[in-house]
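Asker: Take this structure first; my questions come after.
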Amino acid sequence: MARITMREAISQALWEEMEHDPNVFIMGEEVGLWGGTYAVTKGFYDHFGAKRVRDTPIAEAAIIGSAIGAALTGLRPIAELMTINFAFSAMDHIVNEAAKFRYMFGGQFTIPMVIRTVGGGGRQLGATHSQTPDAVFAHFPGLIVVSPGTPEDAKGLLKSAIRSDDPVLFIENATLYQVRGEVPEGEYTIPLGKSKIQRPGKDVTIVTYSKMLEISYKAADQLAKSGIEAEIVDLRSLRPLDMQPVIESFKKTNRAVIVEEGWKSYGVGSEVATRIYENAFDYVDAPVKRVAQKEVPLPYNQQLEQMALPQVDDVIQAVKEVL
Amino acid sequence: MEKQEYLDLYYQMVLIRLVEERAAQLYQQGKIGGFLHLYIGQEAVSTGLISVRKPQDRIITAYRDHGAALNCGIPAKEVMAELLGKATGCSKGKGGSMHMLDVEKNFWGGHAIVGAHLPIAAGLALGDLYQENDSVTICMFGDGATNIGYFHEALNLSKIWNLPILWVCENNQYGMGTAVEKASAVSEIRQKAEGYGIPNRRVDGMNVLEVRKNAGEVIDKIRSGEGPFFLEIITYRFRGHSMGDPERYRQADEIKKWQENDPIGILRNVLIGEKIVTEAELDVIDAQVEDEVQAAVQFAESSPDPEPEALFENVYAGEYTDG
């Protein structure tokens, strides 16, 4: 095992898949000469050249739309949206075209494309640049929505996403790029649409993903000091949503807290909680709790912004309420 | 041009006309659901364009797509079956009038979000450029599509990447019920291409031979690596925007004036006047098309609906479990 950052893990996945398949190419704003806004594609332009690392205009609909078209010709584009907040400018192409074409045209082709993008708040970027609208995209059948929380998962899932014949929205979190984790040496992939138990426990099930995995770990560590063992299930993919590990865990703990960075209303927590009630109602010992962002656009001011985002104490508090 | 080529142009235009006249009847009988946008009056545009494409050239258009579908070689019976939502339709009954597509015929749809297929068309051309094919993508759209952002993003991208694409604006004078001069800052649409440095022409779209001649010339330029070209083709739809259009936005005498310029009549007069064919030969084609369309309707009406299992087919290419 090697200990590398999330940035390095994602970069390795891209590099390996570019080496592995000449039909894989990257396109997006500042992915080439600049080396990627978050330096994920640093060095790619010099190695792979301008043909395979394509700098685009600031034109999100053109980026995603042309990636769809290129995918229809059999290529495997990795289209980068600088942040998920800019995905709204390409919303039509993501949800109306990429997600629907295969079905609507009777399965005549595949759409092997990845949209890599970055979400999350906490960096004082203000309301337009700090969103976590993952649930919005997970609403649409036909899309695969992945959002990893560890370097190991990021690398393995991204490699699977690039090899997948379906359109994958791959959502990274900017505050996780420096986080380090163990990553297996050599070639490996992780299947899309599979949740994973990241921390075993017996007293309460915490369901989470992406940045909130880090928050949930910290909460679990503190809870452990008072003898409460939380089991953390990392969804990793929001669509397809693999509830099996969640349900199995819940049947053991009978209590659940769902932690997400996005807003609570109509969110990931709403979906997971409902599925718990639908599939394990007889095992419920306490109402499922949701920890999520306050229902406000994220403010710039640091104190206000942190008040709006889910914190470790919020998770601990929620766990204590369900116990 | 060989005599058979003239006859084929005539055949295709009559085929489109009759398929759509029958479709209008079937719509009024309630056998076709949803929206039905007829191409009647515009037949010379797609017929002329597609008559000069090579098999490797890709065709993509908007929702008024029956004409292009037939020109690309989708059999009338499969077009009719799609209109009736049958399993034997070109999109297996899942697309309908606005979403016809056939990969085998290199016909890439059939797109119902105005302008959204332009970036996708750019991507098709990007795919061919990347793979160093000598294919050209021919992308058709209406005058209304030139006012939406996608148009501008796609034209810009095509120029900066020197994509092998022919942009074809079918200027039929109205975007739904809004006249060009009310919706577009310039009523001569080709000026917009000028703004992106894309060479362009304005062509009479009621004369299939004019369309064919111009398309042939500019497709050769594109194939030789000169980059995108833009054709504004002046045409007129004789029917409403879709079935059930009250047509308050135009006067009957305007329609009458254009109908005197019927593209089928114009070709007929040229062919007979220049003694290329006899009237009797054209009458034979008329009769053949009558039979073909009748057979297509029978095929469509006797075809099965999609099986219930088809409901869940082709949402994804891969196998996933959600639940």
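Asker: Could you give each residue of region B:95-105 its phi-based ³J(HN,Hα) in whole Hz, using Karplus coefficients 6.51, -1.76, 1.60 with θ = phi - 60°, and x for Gly or Pro?
Answerer: Taking θ as phi minus 60°, the curve returns x, x, 3, 7, 10, 9, 7, 8, 4, 4, 8 Hz for region B:95-105.
Asker: Considering amide H positions built from the backbone, and no H for Pro or chain starts, which residues 5 or more places from B:Asp57, or on another chain, come under 5 Å of its amide H?
Answerer: B:Val136
Asker: Sticking with this one: Within chain B, what's the longest run with no GluC sites (Glu not before Pro) in a DSSP loop and at most 16 other beta-carbon atoms within 10 Å? Give the range, please. Mind showing how you got there, number by number?
Answerer: Working: sites that count: B:Glu2, B:Glu132, B:Glu188, B:Glu247, B:Glu260, B:Glu274, B:Glu313, B:Glu319.
Within chain B, the longest run free of exposed GluC sites (Glu not before Pro) spans B:3-131.
Asker: I'm checking a number: the convex hull volume of the Cα atoms of region B:1-158, normalised per residue, in Å³. What is it? Spell out each step's value before the answer.
Answerer: Values: hull volume 18.0 nm³, N = 158.
For region B:1-158, the hull spanned by Cα atoms encloses 114 Å³ per residue.
Asker: For the protein assembly as shown, what is the charge dipole size about the Cα centre, in debye to the nearest 20, if Lys and Arg each add +1 at the Cβ and Asp and Glu each add -1 at the Cβ?
Answerer: 1240 debye
Asker: Provide the net charge surrounding B:Val103, with neighbours chosen by a C-beta distance below 12 Å and charges set as Lys +1, Arg +1, Asp -1, Glu -1.
Answerer: +1
Asker: Let me ask something else. Out of all DSSP beta bridges in the protein assembly as shown, what portion is antiparallel? Express it as a percent rounded to 5.
Answerer: Values: 12 of 68 bridges.
Of the beta bridges lying entirely in the protein assembly as shown, close to 20 percent run antiparallel.
Asker: Compute the long axis of helix A:244-253 from its Cα atoms, compare it with the longest principal axis of the Cα atoms of chain A, and write down the angle in degrees, 0 to 90, nearest 10.
Answerer: Approximately 10 degrees, to the nearest ten.
Asker: Over the Cα atoms of chain B, what is the Rg over Rh ratio if Rh follows Kirkwood?
Answerer: Rg divided by Rh gives 0.96.
Asker: Charges at C-beta only: +1 for Lys and Arg, -1 for Asp and Glu. How large is the resulting dipole of region A:2-183 about its Cα centre, in Debye rounded to 20? The partial results should precede the final answer.
Answerer: Numbers: 15 positive and 20 negative charges, 13 e Å.
That gives a dipole near 60 debye.
Asker: Mean-square fluctuation check for chain A, GNM, Cα pairs under 10 Å: which of A:Leu75, A:Leu213, A:Leu157 is largest?
Answerer: The residue with the greatest mean-square fluctuation here is A:Leu75.
Asker: Same structure, new question: Just the C-alpha atoms of the protein assembly as shown: what Rg/Rh do they give, with Rh taken as the Kirkwood radius?
Answerer: 1.04
Asker: Follow-up. What angle, in degrees between 0 and 90 and rounded to the nearest 10, separates the Cα long axis of helix A:211-225 from the longest principal axis of the Cα atoms of chain A?
Answerer: 30 degrees
Asker: Another one. May I ask you to list, by number, the DSSP H helices of chain B whose Cα span along the axis is at least 24 Å and whose average Kyte-Doolittle hydropathy reaches -1.0 or more?
Answerer: For chain B, where a helix must reach 24 Å along its axis and average at least -1.0, the hits are B:3-28, B:279-302.
Asker: Okay, moving on. With a sphere of radius 13 Å drawn around the Cβ of B:Tyr316, what net charge do the other residues whose Cβ falls strictly inside it have (Lys, Arg +1; Asp, Glu -1)?
Answerer: Within the 13 Å Cβ shell, the charges total -2.
Asker: A further question on this structure: Suppose only helical runs count, i.e. DSSP H with n ≥ 4. What mean residue ellipticity at 222 nm does that imply for the protein assembly as shown under -39500 (n - 2.57) per run, divided by all residues and rounded to the nearest 500 deg cm²/dmol?
Answerer: Helices in the protein assembly as shown give a 222 nm mean residue ellipticity of -12000 deg cm²/dmol.
Asker: To continue, here is another question. Whole-Hz Karplus ³J(HN,Hα) for region A:156-163, in order, using 6.51 cos²θ - 1.76 cosθ + 1.60 and θ = phi - 60°, x for Gly and Pro?
Answerer: Once θ is set to phi - 60°, the couplings for region A:156-163 become x, 6, 5, 5, 5, 4, 5, 7 Hz.
Asker: OK, next. For a label point 7 Å from the Cα of B:Ala287 along Cα→C-beta, name the residues of region B:248-279 whose backbone N is under 15 Å from it.
Answerer: Answer for this model: B:278-279.
Asker: Would you grab the residues whose amide H sits under 5 Å from the one on A:Ile197? Only those 5+ places off in sequence or on another chain, please, with H modelled 1.01 Å from N.
Answerer: Residues meeting the amide H criterion: A:Asp234.
Asker: Here's something else I'd like to know. May I ask you to list the GluC sites (Glu not before Pro) in region A:263-323 that are in a DSSP loop and have at most 10 other Cβ atoms within 10 Å of their Cβ?
Answerer: A:Glu295
Asker: So, one more: Trypsin sites (Lys or Arg not before Pro) within region B:1-55: which are DSSP loop residues with at most 16 other Cβ atoms inside 10 Å?
Answerer: Here the sparse-neighbourhood loop sites are B:Lys31.
Asker: Now, a different point. Could you give the Stokes-Einstein D for chain A in µm² per second, using the C-alpha Kirkwood radius, 25 °C, 0.890 mPa s? Mind dumping the intermediate values first?
Answerer: Working: Rh = 20.0 Å.
For these conditions, the coefficient is 123 µm²/s.
Asker: Taking only Cα atoms and a 10 Å spring cutoff, compute GNM fluctuations for chain B and point out the largest among B:Ile16, B:Ile113, B:Ile32.
Answerer: Between B:Ile16, B:Ile113, B:Ile32, it is B:Ile113 that shows the largest mean-square fluctuation.
Asker: At a Förster radius of 56 Å, what calculated FRET efficiency corresponds to the Cβ-Cβ distance of B:Asp134 and A:Ala127, to the nearest 0.05?
Answerer: Details: r = 49 Å, r/R0 = 0.87.
The computed FRET efficiency comes out at 0.70.
Asker: Give the percent of DSSP beta bridges with both residues in chain A that are antiparallel, rounded to the nearest 5. Could you put the intermediate results ahead of the total?
Answerer: Values: 9 of 43 bridges.
So the antiparallel bridges in chain A amount to around 20 percent.
Asker: Could you state the number of Å between the C-alpha centres of region A:176-209 and region B:186-264?
Answerer: Here the two parts' Cα centres lie 56 Å apart.
Asker: Wrap a convex hull around the Cα atoms of region A:196-322, take a quarter of its surface area, and give that in square nanometres.
Answerer: 7.4 nm²
Asker: Still on this structure: Using DSSP, restrict attention to beta bridges with both residues in chain B and report what percent are antiparallel, rounded to the nearest 5.
Answerer: 10 percent
Asker: Restricting everything to alpha-carbon atoms, can you work out Rg to Rh for region A:1-46 with a Kirkwood hydrodynamic radius?
Answerer: Over the Cα atoms of region A:1-46, Rg/Rh equals 0.98.
Asker: Quick one: pull the percentage of alpha-carbon pairs in region A:2-183 with a separation above 24 Å.
Answerer: Of the Cα pairs, 31 percent sit more than 24 Å apart.
Asker: Any chance you could run the full-extension gain for B:Ala183 through B:Glu279? It's 0.36 nm times the residue separation minus the Cα-Cα distance, nm to one decimal.
Answerer: 30.3 nm
Asker: A further question follows. When chain B is modelled as a GNM with alpha-carbon springs shorter than 10 Å, which of B:Tyr249, B:Tyr11, B:Tyr39 fluctuates the most?
Answerer: B:Tyr249
Asker: Does anyone have the angle between helix A:60-72 and the longest principal axis of chain A? Alpha-carbon axes, 0 to 90°, nearest 10?
Answerer: 70 degrees
Asker: How far apart, in nm, are two points set 7 Å out from the Cα along the Cα-to-Cβ line at A:Asp165 and at A:Glu321?
Answerer: In this crude spin-label approximation the distance works out to 4.6 nm.
Here, each number is a calculation from the coordinates, and none is a lab measurement. Owing to the predicted nature of the structure, the values given are computational and were not obtained by experimental measurement. Every residue, glycine as well, gets a Cβ built from its backbone with ideal geometry; the counts of neighbours run over all protein chains shown.
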